[in-house]
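Only one structure is covered here, and it is reproduced in the block below.
The values are calculated or read from the model by the stated rules, or taken from the named source; none is laboratory data. Quantities reported herein were computed from a predicted structural model and do not represent experimental measurements. Every residue, glycine as well, gets a Cβ built from its backbone with ideal geometry; the counts of neighbours run over all protein chains shown. Ligands, DNA and RNA are excluded from the accessible area calculation, which covers all protein heavy atoms including side chains. Shrake-Rupley method; radii C 1.70, N 1.55, O 1.52, S 1.80 Å.
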Amino acid sequence: MLAQSNHHQLWLREQDHPAINLPRWQQQMDLLASFYRSQASLILQLADNRFQIVCAHQSQDYSLNGGAIFSDAGLFKILESHSGYGLPNSNGSEFTSGLSQFQQVLYQLIYWPDGELFGCILICDPKQNRFQDRLAPLVETTKSLIQAELKHLFLMMKVQMLSVQDEQTCMLNQYGFSLMAPRQLSLSRRFGSHAGIILVEAIFDDSTEGQTESNEQKLRILARIIHNSLRDADVSARINHNQFIILCFIDNQSNLDSLVLRLKKQFAKEEQNLNLVTGQSYFTPDTQISLAPMQQQANDSLNLNRLQLQKRTN
């Protein structure tokens, strides 16, 4: 399981985050609706080619309520082709959703701080057409306010992500593992899943100890192999410089042995000049002990296997 930011796929209304002040966004929609004398003013978020209404002001019930999720191929095409500047308008016939009930829709694009499209502001059937040029700065101000809060959210999520992520491999770090693993273990026990812990340690040749860049590349290869060998429910992390941990959910102990063997074979195919030592522990859902003793059992197994490797190489 890699630590990664997925803010583009998360509906904003479903997050409770101090960086976002949705009542203030709603006030902006009320203000725009008042100045433009529009039938509806909306903030839409785009995710997975669908739209969710974040905030809405309606002069009557157009079935465009906050939280509603819908698809609109026409709107999606318009937003994709727009440069992002100005306040253009579209005819309602271009839309394939409830937005088609309006004759004229003004739209302003909103972006995440990394340049990804967040969504848009829509002003539907404005009656104040004479002063649209003078009113345009109001929409820009609303856009700036929203984008400033999105930037705050983005940065806070970035800090949170980095606090649980290993910078070099993009895996969870030890802190991230300590947060994620107990949750997954508790969930698996509810469904009666067996589980195992695997510790993987990379043993560098003394003659290559100074080759820091080469060694780090080997560790990144190992991290990728570990990640690609696991299922979504499994948790993996880099817990120190050359050691990785895996919490996996399996049917029986032979599956755990097979996973360890598969990891070693795959790594041997890609990197010949590095030895791996592993340790493991297996436990059933009725084993009422915490994660720490299970990890200790795997660590004892790792130490024993490392000692045996040293004896063979001496």
Segment 162-184, subset open to solvent by 80 Å² or more (accessible area, probe 1.4 Å) and free of Cβ contacts under 8 Å to residues at least 24 places away in the same chain, residue nearest to the chain's Cα centre (by Cα) = Leu162
Identity of the residue in segment 34-53, part of a strand (DSSP E or B) and free of Cβ contacts under 8 Å to residues at least 40 places away in the same chain, that ends up most open to solvent (accessible area, probe 1.4 Å) = Arg50
Got at least one residue in segment 227-245 being open to solvent by 20 Å² or more (accessible area, probe 1.4 Å), in the same structural domain as Asn305 (by the TED database) and aromatic (Phe, Trp, Tyr)?
-> no
Which one is surrounded by the most Cβ atoms within 10 Å (Cβ to Cβ), of the residues in segment 273-297 that are under 30 Å from the mean Cα position of the chain (by Cα) and aliphatic (A, V, I, L, M)?
-> Met294
Within segment 151-163, is there a residue that is in a helix (DSSP H, G or I), assigned by the TED database to the domain that holds Ala56 and either more than 21 Å from Gln15 (Cβ to Cβ) or of a type in the set (Phe, Trp, Tyr) (or both)?
-> yes
Every residue from segment 117-130 that is open to solvent by 50 Å² or more (accessible area, probe 1.4 Å) and in contact (Cβ under 8 Å) with a residue 24 or more places away in the chain = Lys127
Filtering segment 136-161 down to residues that are among the charged types (D, E, K, R) and open to solvent by 50 Å² or more (accessible area, probe 1.4 Å), which residue is modelled with the lowest pLDDT?
-> Lys158
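Do you know which residues across segment 246-272 are of a type in the set (S, T, N, Q) and either more than 20 Å from His194 (Cα to Cα) or surrounded by 14 or more Cβ atoms within 10 Å (Cβ to Cβ) (or both)?
Step one: filter segment 246-272 for residues of a type in the set (S, T, N, Q), giving 252-255, 258, 266, 272.
Hits for segment 246-272 are Gln253, Asn255, Gln266, Gln272.
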Residues located in segment 70-95, provided they are out of contact with any strand residue (DSSP E or B) (no Cβ under 7 Å at 6 or more places or on another chain), under 13 Å from Leu122 (Cβ atoms) and of a type in the set (D, E, K, R) | Glu94
With the checklist (1) closer than 21 Å to Arg24 by Cα; (2) surrounded by fewer than 13 Cβ atoms within 10 Å (Cβ to Cβ) in hand, flag the one item Asp133 doesn't pass.
-> (1)
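Could you tell me which of the residues Asp114, Asp61 is open to solvent by 10 Å² or more (accessible area, probe 1.4 Å) and under 25 Å from Ser34 (Cα atoms)? Reasoning before the result, please.
Values: Asp114 fails: under 25 Å from Ser34 (Cα atoms).
The match here is Asp61.
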Tabulated pairs, segment 207-224, first closer than 11 Å to Asn273 by Cβ and modelled with pLDDT under 65, second assigned to a helix (DSSP H, G or I) and open to solvent by 20 Å² or more (accessible area, probe 1.4 Å), C-beta under 7 angstrom, 6+ apart or interchain = Thr208/Ser214
Does segment 250-267 contain any residue that is in contact (Cβ under 8 Å) with a residue 40 or more places away in the chain and in contact with an Asp or Glu (Cβ under 8 Å, 6 or more places away or on another chain)?
-> no
Selected residue (only one of Leu302, Leu247 is under 18 Å from Leu230 (Cα atoms) and touching an Asp or Glu at 6+ places or on another chain (Cβ under 9 Å)) = Leu247
